[in-house]
1. Which ³J(HN,Hα) values in Hz, rounded to whole numbers, follow from the phi angles of region 254-264 under the Karplus curve 6.51 cos²θ - 1.76 cosθ + 1.60, where θ = phi - 60° and Gly and Pro get x?
2. In whole Hz, what ³J(HN,Hα) sequence does region 306-316 give by Karplus (6.51, -1.76, 1.60; θ = phi - 60°), x for Gly and Pro?
3. Once ligands and nucleic acids are excluded and a 1.4 Å probe is used, how much of residue 213 is accessible, expressed in Å² to the nearest 10?
4. List the residues whose amide H sits under 5 Å from the amide H of residue 318, counting only those 5 or more places along or on another chain, with H placed 1.01 Å from N in the peptide plane.
5. What's the whole-number percent of alpha carbon pairs in region 148-257 lying beyond 21 angstrom?
6. What fraction of the DSSP beta bridges in region 199-281 is antiparallel, stated in percent and rounded to the nearest 5?
7. So which GluC sites (Glu not before Pro) in region 176-249 end up in coil per DSSP with only 11 or fewer other C-beta atoms within 10 Å?
8. Identify, among 201, 218, 178, the residue whose Cα sits farthest towards the positive end of the charge dipole of region 176-234, taking +1 on the Cβ of Lys and Arg and -1 on the Cβ of Asp and Glu, with the dipole about the Cα centre.
Amino acid sequence: PDVITVQELSNRMAVRGVDIIKFLMKQGLMMKINDVIDTDTAELVADEFGMTVRRVSESDVEAGFLSDDIDEEATTPRAPVVAIMGHVDHGKTSLLDALRTTDVASGEAGGITQHIGAYQVRTPGGDAVTFLDTPGHAAFSAMRTRGANVTDIVILVVAADDGVMPQTIESIQHAKAAGAPIIVAINKVDKPDADPQKVINELLQYEIIGEALGGDTQIVEVSAKSKTNLDGLIEAILLQAEVMDLKADPERSAEGVVIEAKLDKGRGPVATVLVKRGTLRRGDIVVAGSAWGKVRALLNERNEQLTEAGPSVPVEILGLDEAPSPGEPLAVVESEARARELTEYRARTKREKATGGINQVSLVDMMAKL
Ligand code: GDP
Ligand code: MG
(Lines give C-alpha, C1' and ligand atoms only; values in the text may rest on other atoms or scores of the structure.)
(Ligands and ions follow the chains in the order given, each with its own letter.)
Protein backbone atom coordinates (compact mmCIF):
# COMPACT_ATOMS: atom_id res chain seq x y z
CA PRO A 1 0.00 0.00 0.00
CA ASP A 2 0.99 3.60 -0.48
CA VAL A 3 2.56 5.16 2.56
CA ILE A 4 4.42 8.29 3.56
CA THR A 5 6.24 9.18 6.75
CA VAL A 6 5.05 11.97 8.98
CA GLN A 7 8.40 13.64 8.43
CA GLU A 8 8.04 13.59 4.69
CA LEU A 9 4.50 14.86 4.81
CA SER A 10 5.71 17.65 7.04
CA ASN A 11 8.46 18.51 4.57
CA ARG A 12 6.15 18.61 1.65
CA MET A 13 3.49 20.67 3.30
CA ALA A 14 6.03 22.90 5.02
CA VAL A 15 4.10 22.30 8.24
CA ARG A 16 5.91 21.40 11.46
CA GLY A 17 6.00 17.68 12.20
CA VAL A 18 4.87 18.31 15.75
CA ASP A 19 1.71 20.01 14.48
CA ILE A 20 0.90 17.01 12.32
CA ILE A 21 1.52 14.66 15.24
CA LYS A 22 -0.78 16.75 17.43
CA PHE A 23 -3.50 16.63 14.82
CA LEU A 24 -3.11 12.87 14.39
CA MET A 25 -3.31 12.47 18.14
CA LYS A 26 -6.64 14.25 18.13
CA GLN A 27 -7.80 11.66 15.61
CA GLY A 28 -6.72 8.96 18.04
CA LEU A 29 -3.58 8.05 16.10
CA MET A 30 -0.37 7.93 18.09
CA MET A 31 2.44 8.60 15.65
CA LYS A 32 6.07 9.48 15.85
CA ILE A 33 7.92 11.52 13.27
CA ASN A 34 9.32 8.54 11.36
CA ASP A 35 6.14 6.47 11.41
CA VAL A 36 4.36 5.85 8.16
CA ILE A 37 0.75 6.75 7.48
CA ASP A 38 -1.48 5.71 4.61
CA THR A 39 -2.90 7.79 1.79
CA ASP A 40 -6.28 8.39 3.39
CA THR A 41 -4.71 9.65 6.57
CA ALA A 42 -2.28 11.81 4.62
CA GLU A 43 -5.25 13.30 2.84
CA LEU A 44 -6.93 14.03 6.13
CA VAL A 45 -3.82 15.81 7.36
CA ALA A 46 -3.42 17.81 4.17
CA ASP A 47 -7.04 18.83 4.37
CA GLU A 48 -6.62 20.00 7.97
CA PHE A 49 -3.75 22.25 6.91
CA GLY A 50 -5.60 23.65 3.94
CA MET A 51 -3.87 21.68 1.19
CA THR A 52 -5.03 19.22 -1.33
CA VAL A 53 -3.38 15.96 -2.14
CA ARG A 54 -3.33 14.79 -5.66
CA ARG A 55 -2.81 11.07 -5.90
CA VAL A 56 -0.51 10.44 -8.79
CA SER A 57 1.06 7.27 -9.98
CA GLU A 58 4.78 6.96 -10.03
CA SER A 59 4.84 6.98 -13.80
CA ASP A 60 2.95 10.26 -13.74
CA VAL A 61 5.55 11.77 -11.50
CA GLU A 62 8.35 10.54 -13.67
CA ALA A 63 6.59 11.79 -16.72
CA GLY A 64 6.43 15.20 -15.16
CA PHE A 65 2.70 15.47 -14.79
CA LEU A 66 2.12 18.52 -12.73
CA SER A 67 -1.05 19.63 -11.10
CA ASP A 68 -2.84 20.40 -14.35
CA ASP A 69 -6.17 21.03 -12.73
CA ILE A 70 -5.10 24.25 -11.06
CA ASP A 71 -5.19 26.19 -14.30
CA GLU A 72 -8.93 26.17 -14.39
CA GLU A 73 -9.24 29.47 -12.62
CA ALA A 74 -6.50 31.19 -14.59
CA THR A 75 -7.60 34.04 -16.79
CA THR A 76 -4.49 35.00 -18.72
CA PRO A 77 -4.24 33.52 -22.23
CA ARG A 78 -1.07 31.64 -23.07
CA ALA A 79 0.50 30.46 -26.30
CA PRO A 80 -0.31 26.92 -27.48
CA VAL A 81 2.47 24.36 -27.15
CA VAL A 82 2.73 22.28 -30.27
CA ALA A 83 4.51 19.00 -30.95
CA ILE A 84 5.22 17.76 -34.45
CA MET A 85 4.84 14.04 -34.94
CA GLY A 86 4.73 11.64 -37.82
CA HIS A 87 6.48 8.91 -39.73
CA VAL A 88 10.23 9.07 -40.30
CA ASP A 89 11.24 11.12 -43.35
CA HIS A 90 7.81 12.68 -43.72
CA GLY A 91 9.38 16.06 -42.97
CA LYS A 92 9.14 16.82 -39.23
CA THR A 93 12.60 18.35 -38.99
CA SER A 94 12.19 20.22 -42.27
CA LEU A 95 8.88 21.64 -41.12
CA LEU A 96 10.31 22.74 -37.76
CA ASP A 97 13.16 24.45 -39.60
CA ALA A 98 10.80 26.11 -42.04
CA LEU A 99 8.57 27.37 -39.23
CA ARG A 100 11.57 29.01 -37.51
CA THR A 101 11.91 31.35 -40.44
CA THR A 102 8.37 32.65 -39.93
CA ASP A 103 9.26 34.28 -36.58
CA VAL A 104 8.76 38.02 -36.93
CA ALA A 105 10.62 38.75 -33.69
CA SER A 106 13.86 37.60 -35.29
CA GLY A 107 13.63 40.46 -37.75
CA GLU A 108 16.60 40.78 -40.07
CA ALA A 109 18.33 37.84 -38.43
CA GLY A 110 16.41 35.57 -40.81
CA GLY A 111 14.60 33.46 -38.26
CA ILE A 112 15.54 31.50 -35.19
CA THR A 113 18.94 29.87 -35.44
CA GLN A 114 19.50 28.58 -31.90
CA HIS A 115 18.45 25.02 -31.12
CA ILE A 116 17.29 24.91 -27.55
CA GLY A 117 14.72 22.10 -27.67
CA ALA A 118 11.74 24.38 -28.11
CA TYR A 119 11.12 27.73 -29.70
CA GLN A 120 8.43 30.30 -29.88
CA VAL A 121 7.36 31.89 -33.13
CA ARG A 122 5.79 35.32 -33.08
CA THR A 123 3.25 36.07 -35.79
CA PRO A 124 2.68 39.39 -37.55
CA GLY A 125 -0.68 39.57 -35.75
CA GLY A 126 1.07 39.54 -32.37
CA ASP A 127 0.26 35.95 -31.44
CA ALA A 128 2.77 33.34 -30.40
CA VAL A 129 3.08 29.60 -30.93
CA THR A 130 5.55 27.41 -29.03
CA PHE A 131 7.00 24.47 -30.92
CA LEU A 132 8.69 21.56 -29.24
CA ASP A 133 11.82 20.98 -31.24
CA THR A 134 12.88 17.57 -30.08
CA PRO A 135 12.62 15.04 -32.91
CA GLY A 136 15.85 13.34 -33.79
CA HIS A 137 17.14 13.65 -30.27
CA ALA A 138 17.70 10.51 -28.33
CA ALA A 139 15.26 11.78 -25.78
CA PHE A 140 12.44 12.24 -28.22
CA SER A 141 10.68 8.94 -27.80
CA ALA A 142 10.68 9.46 -24.05
CA MET A 143 9.49 13.03 -24.41
CA ARG A 144 6.91 11.96 -26.89
CA THR A 145 5.29 9.63 -24.42
CA ARG A 146 5.73 12.22 -21.72
CA GLY A 147 4.71 14.92 -24.15
CA ALA A 148 1.15 14.41 -23.04
CA ASN A 149 1.40 17.02 -20.35
CA VAL A 150 3.35 19.67 -22.19
CA THR A 151 1.70 19.39 -25.57
CA ASP A 152 -1.55 21.18 -26.28
CA ILE A 153 -1.78 20.39 -29.97
CA VAL A 154 -0.20 17.73 -32.15
CA ILE A 155 0.74 18.46 -35.74
CA LEU A 156 0.60 15.17 -37.57
CA VAL A 157 2.92 15.35 -40.54
CA VAL A 158 2.05 13.00 -43.38
CA ALA A 159 4.03 13.03 -46.61
CA ALA A 160 1.70 13.44 -49.56
CA ASP A 161 3.74 11.01 -51.64
CA ASP A 162 3.84 8.28 -49.00
CA GLY A 163 0.60 8.39 -47.02
CA VAL A 164 -0.25 6.86 -43.66
CA MET A 165 2.62 4.73 -42.33
CA PRO A 166 3.23 2.81 -39.07
CA GLN A 167 4.61 5.79 -37.13
CA THR A 168 1.74 7.92 -38.42
CA ILE A 169 -0.64 5.53 -36.70
CA GLU A 170 1.52 5.47 -33.59
CA SER A 171 1.49 9.26 -33.47
CA ILE A 172 -2.29 9.30 -33.77
CA GLN A 173 -2.49 6.91 -30.84
CA HIS A 174 -0.12 9.05 -28.77
CA ALA A 175 -2.10 12.19 -29.46
CA LYS A 176 -5.40 10.51 -28.67
CA ALA A 177 -4.03 9.02 -25.46
CA ALA A 178 -2.81 12.46 -24.45
CA GLY A 179 -6.13 14.06 -25.34
CA ALA A 180 -4.31 16.48 -27.62
CA PRO A 181 -6.22 17.59 -30.72
CA ILE A 182 -4.56 16.81 -34.03
CA ILE A 183 -3.99 19.14 -36.92
CA VAL A 184 -2.89 17.26 -40.03
CA ALA A 185 -0.12 18.79 -42.11
CA ILE A 186 0.04 17.05 -45.44
CA ASN A 187 3.63 17.76 -46.40
CA LYS A 188 5.62 17.55 -49.61
CA VAL A 189 2.75 18.76 -51.77
CA ASP A 190 5.42 20.19 -54.09
CA LYS A 191 6.29 16.69 -55.25
CA PRO A 192 4.93 15.55 -58.63
CA ASP A 193 3.59 12.31 -57.13
CA ALA A 194 1.90 14.07 -54.20
CA ASP A 195 -1.61 12.77 -53.55
CA PRO A 196 -3.16 14.69 -50.65
CA GLN A 197 -6.59 13.19 -51.29
CA LYS A 198 -5.21 9.70 -50.75
CA VAL A 199 -3.85 10.80 -47.37
CA ILE A 200 -7.21 12.31 -46.43
CA ASN A 201 -8.97 9.06 -47.33
CA GLU A 202 -6.49 6.90 -45.45
CA LEU A 203 -6.90 8.99 -42.31
CA LEU A 204 -10.64 8.30 -42.22
CA GLN A 205 -9.81 4.81 -41.03
CA TYR A 206 -8.32 6.34 -37.90
CA GLU A 207 -11.29 8.58 -37.28
CA ILE A 208 -9.47 11.65 -38.44
CA ILE A 209 -12.07 13.43 -40.49
CA GLY A 210 -11.36 16.70 -42.19
CA GLU A 211 -13.71 19.66 -42.10
CA ALA A 212 -14.50 19.20 -45.80
CA LEU A 213 -16.08 15.86 -44.92
CA GLY A 214 -17.97 17.24 -41.93
CA GLY A 215 -15.36 16.30 -39.35
CA ASP A 216 -13.58 18.58 -36.93
CA THR A 217 -9.94 18.04 -37.84
CA GLN A 218 -8.13 20.79 -39.66
CA ILE A 219 -6.11 19.45 -42.56
CA VAL A 220 -3.55 21.76 -44.08
CA GLU A 221 -1.46 21.14 -47.18
CA VAL A 222 2.10 22.40 -46.90
CA SER A 223 5.54 22.08 -48.33
CA ALA A 224 8.39 22.46 -45.87
CA LYS A 225 10.79 22.51 -48.77
CA SER A 226 9.25 25.35 -50.75
CA LYS A 227 7.80 26.95 -47.57
CA THR A 228 4.29 26.80 -48.95
CA ASN A 229 1.30 27.59 -46.74
CA LEU A 230 3.22 27.78 -43.44
CA ASP A 231 1.06 30.73 -42.48
CA GLY A 232 -1.98 28.53 -43.17
CA LEU A 233 -0.62 25.99 -40.71
CA ILE A 234 0.04 28.64 -38.07
CA GLU A 235 -3.44 30.03 -38.60
CA ALA A 236 -4.90 26.55 -38.05
CA ILE A 237 -2.92 26.25 -34.80
CA LEU A 238 -4.12 29.63 -33.55
CA LEU A 239 -7.70 28.73 -34.41
CA GLN A 240 -7.42 25.44 -32.53
CA ALA A 241 -5.83 27.26 -29.58
CA GLU A 242 -8.68 29.73 -29.51
CA VAL A 243 -11.19 26.90 -29.29
CA MET A 244 -9.19 25.38 -26.44
CA ASP A 245 -9.11 28.67 -24.55
CA LEU A 246 -5.64 28.04 -23.13
CA LYS A 247 -4.92 29.96 -19.97
CA ALA A 248 -2.37 30.04 -17.20
CA ASP A 249 -1.71 32.17 -14.16
CA PRO A 250 1.51 34.13 -14.65
CA GLU A 251 1.46 35.47 -11.08
CA ARG A 252 2.14 32.27 -9.15
CA SER A 253 5.57 30.81 -8.63
CA ALA A 254 6.81 29.01 -11.69
CA GLU A 255 6.35 25.37 -12.64
CA GLY A 256 7.71 23.92 -15.82
CA VAL A 257 9.02 20.85 -17.56
CA VAL A 258 12.56 20.09 -18.66
CA ILE A 259 12.59 19.66 -22.44
CA GLU A 260 16.26 18.85 -22.73
CA ALA A 261 19.46 19.31 -20.79
CA LYS A 262 23.15 19.00 -21.32
CA LEU A 263 26.45 19.61 -19.64
CA ASP A 264 28.07 22.50 -21.46
CA LYS A 265 31.85 22.82 -21.16
CA GLY A 266 31.85 26.55 -20.57
CA ARG A 267 28.46 27.12 -19.00
CA GLY A 268 27.95 24.01 -16.87
CA PRO A 269 24.56 22.26 -16.79
CA VAL A 270 22.14 23.90 -19.21
CA ALA A 271 18.48 22.94 -19.28
CA THR A 272 15.76 24.01 -21.65
CA VAL A 273 12.61 24.47 -19.65
CA LEU A 274 9.12 25.09 -20.85
CA VAL A 275 7.30 27.20 -18.28
CA LYS A 276 3.82 25.80 -17.72
CA ARG A 277 2.48 28.30 -15.25
CA GLY A 278 3.74 31.17 -13.17
CA THR A 279 6.76 33.24 -14.09
CA LEU A 280 10.31 31.99 -13.84
CA ARG A 281 12.80 34.69 -12.87
CA ARG A 282 16.51 35.11 -12.71
CA GLY A 283 17.56 34.41 -9.13
CA ASP A 284 14.78 31.88 -8.47
CA ILE A 285 15.75 28.69 -6.67
CA VAL A 286 14.53 25.73 -8.65
CA VAL A 287 14.33 21.96 -8.31
CA ALA A 288 14.14 19.57 -11.28
CA GLY A 289 14.30 15.91 -10.40
CA SER A 290 17.44 15.50 -8.36
CA ALA A 291 18.96 18.69 -9.76
CA TRP A 292 18.62 22.07 -8.13
CA GLY A 293 20.16 25.50 -8.30
CA LYS A 294 19.69 29.23 -8.40
CA VAL A 295 18.79 30.46 -11.88
CA ARG A 296 21.83 32.44 -12.96
CA ALA A 297 20.63 33.29 -16.46
CA LEU A 298 17.60 32.82 -18.69
CA LEU A 299 18.14 32.72 -22.46
CA ASN A 300 15.59 32.54 -25.22
CA GLU A 301 15.79 30.82 -28.64
CA ARG A 302 17.51 33.90 -30.04
CA ASN A 303 20.19 33.69 -27.38
CA GLU A 304 18.91 36.84 -25.70
CA GLN A 305 19.13 37.24 -21.94
CA LEU A 306 15.74 37.47 -20.25
CA THR A 307 14.94 38.47 -16.71
CA GLU A 308 11.80 36.37 -16.64
CA ALA A 309 9.77 33.84 -18.63
CA GLY A 310 6.02 33.34 -18.34
CA PRO A 311 3.66 30.48 -19.29
CA SER A 312 4.37 28.63 -22.56
CA VAL A 313 7.74 30.34 -22.92
CA PRO A 314 10.72 28.04 -23.52
CA VAL A 315 13.99 29.16 -21.95
CA GLU A 316 17.46 27.86 -21.39
CA ILE A 317 18.42 28.14 -17.76
CA LEU A 318 21.89 28.20 -16.26
CA GLY A 319 22.73 27.56 -12.64
CA LEU A 320 21.63 23.98 -11.95
CA ASP A 321 24.06 21.66 -10.16
CA GLU A 322 23.53 18.86 -12.67
CA ALA A 323 21.70 18.25 -15.93
CA PRO A 324 18.17 16.96 -15.23
CA SER A 325 16.42 14.45 -17.50
CA PRO A 326 13.97 15.48 -20.19
CA GLY A 327 10.41 15.30 -18.97
CA GLU A 328 11.39 16.10 -15.39
CA PRO A 329 9.13 18.68 -13.73
CA LEU A 330 10.76 21.87 -12.55
CA ALA A 331 9.45 24.01 -9.75
CA VAL A 332 10.50 27.10 -7.87
CA VAL A 333 11.00 26.58 -4.15
CA GLU A 334 11.27 29.14 -1.41
CA SER A 335 14.79 28.42 -0.17
CA GLU A 336 18.00 26.56 -0.81
CA ALA A 337 17.29 24.47 2.26
CA ARG A 338 14.00 23.35 0.78
CA ALA A 339 15.69 22.60 -2.54
CA ARG A 340 18.27 20.41 -0.81
CA GLU A 341 15.58 18.66 1.19
CA LEU A 342 13.60 17.82 -1.95
CA THR A 343 16.54 16.66 -4.01
CA GLU A 344 17.87 14.55 -1.15
CA TYR A 345 14.47 12.99 -0.74
CA ARG A 346 14.32 12.20 -4.42
CA ALA A 347 17.80 10.74 -4.42
CA ARG A 348 16.82 8.60 -1.44
CA THR A 349 13.60 7.27 -2.96
CA LYS A 350 15.46 6.56 -6.16
CA ARG A 351 17.95 4.48 -4.17
CA GLU A 352 15.17 2.75 -2.25
CA LYS A 353 13.43 1.93 -5.47
CA ALA A 354 16.64 0.57 -6.92
CA THR A 355 17.24 -1.60 -3.86
CA GLY A 356 13.62 -2.71 -3.65
CA GLY A 357 12.97 -0.88 -0.40
CA ILE A 358 9.53 0.37 0.53
CA ASN A 359 8.22 2.64 -2.07
CA GLN A 360 7.14 5.94 -0.66
CA VAL A 361 7.01 7.85 -3.88
CA SER A 362 3.87 6.74 -5.54
CA LEU A 363 1.58 8.29 -3.02
CA VAL A 364 1.45 11.93 -2.29
CA ASP A 365 4.14 12.88 -4.65
CA MET A 366 3.07 16.35 -5.44
CA MET A 367 1.51 18.34 -2.71
CA ALA A 368 -0.09 21.54 -3.80
CA LYS A 369 2.91 23.33 -2.36
CA LEU A 370 5.75 21.18 -3.73
P1 GDP B 1 11.76 13.67 -40.58
O2 GDP B 1 12.42 12.35 -40.51
O3 GDP B 1 10.28 13.55 -40.45
O4 GDP B 1 12.34 14.69 -39.66
O5 GDP B 1 11.96 14.21 -42.08
P6 GDP B 1 13.01 15.26 -42.64
O7 GDP B 1 12.61 16.64 -42.31
O8 GDP B 1 14.38 14.85 -42.24
O9 GDP B 1 12.78 15.07 -44.19
C10 GDP B 1 13.06 13.86 -44.85
C11 GDP B 1 13.38 14.14 -46.30
O12 GDP B 1 12.28 14.72 -46.96
C13 GDP B 1 14.53 15.13 -46.47
O14 GDP B 1 15.32 14.71 -47.55
C15 GDP B 1 13.83 16.44 -46.79
O16 GDP B 1 14.61 17.29 -47.56
C17 GDP B 1 12.63 15.96 -47.55
N18 GDP B 1 11.49 16.88 -47.40
C19 GDP B 1 10.98 17.38 -46.26
N20 GDP B 1 9.94 18.18 -46.52
C21 GDP B 1 9.80 18.21 -47.85
C22 GDP B 1 8.89 18.89 -48.75
O23 GDP B 1 8.01 19.64 -48.36
N24 GDP B 1 9.05 18.64 -50.07
C25 GDP B 1 10.03 17.83 -50.56
N26 GDP B 1 10.09 17.66 -51.87
N27 GDP B 1 10.89 17.19 -49.76
C28 GDP B 1 10.78 17.38 -48.43
MG1 MG C 1 13.88 14.46 -38.30
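1. So the Karplus estimates, Gly and Pro as x, are 6, 10, x, 10, 6, 8, 7, 8, 8, 9, 8 Hz.
2. Calculated HN-Hα couplings, in order: 10, 9, 7, 9, x, x, 6, 8, x, 9, 8 Hz.
3. Looks like 100 Å² after rounding.
4. 296, 297
5. Numbers: 2384 of 5995 pairs.
When all Cα pairs of region 148-257 are counted, 40 percent exceed 21 Å.
6. That works out to approximately 85 percent antiparallel.
7. Numbers: sites: 202, 207, 211, 221, 235, 242; in loops: 207.
Listed in order of number, the matching sites are 207.
8. Of the listed residues, the answer is 178.
The values are calculated or read from the model by the stated rules, or taken from the named source; none is laboratory data. All values reported here derive from a predicted model rather than from experimental measurement. Heads up, the Cβs are rebuilt from the backbone with ideal geometry, glycines too, and the neighbour counts pull from every protein chain shown. Keep in mind that these areas ignore ligands, DNA and RNA; they rest on the heavy atoms of the full protein, side chains included. Shrake-Rupley method; radii C 1.70, N 1.55, O 1.52, S 1.80 Å.
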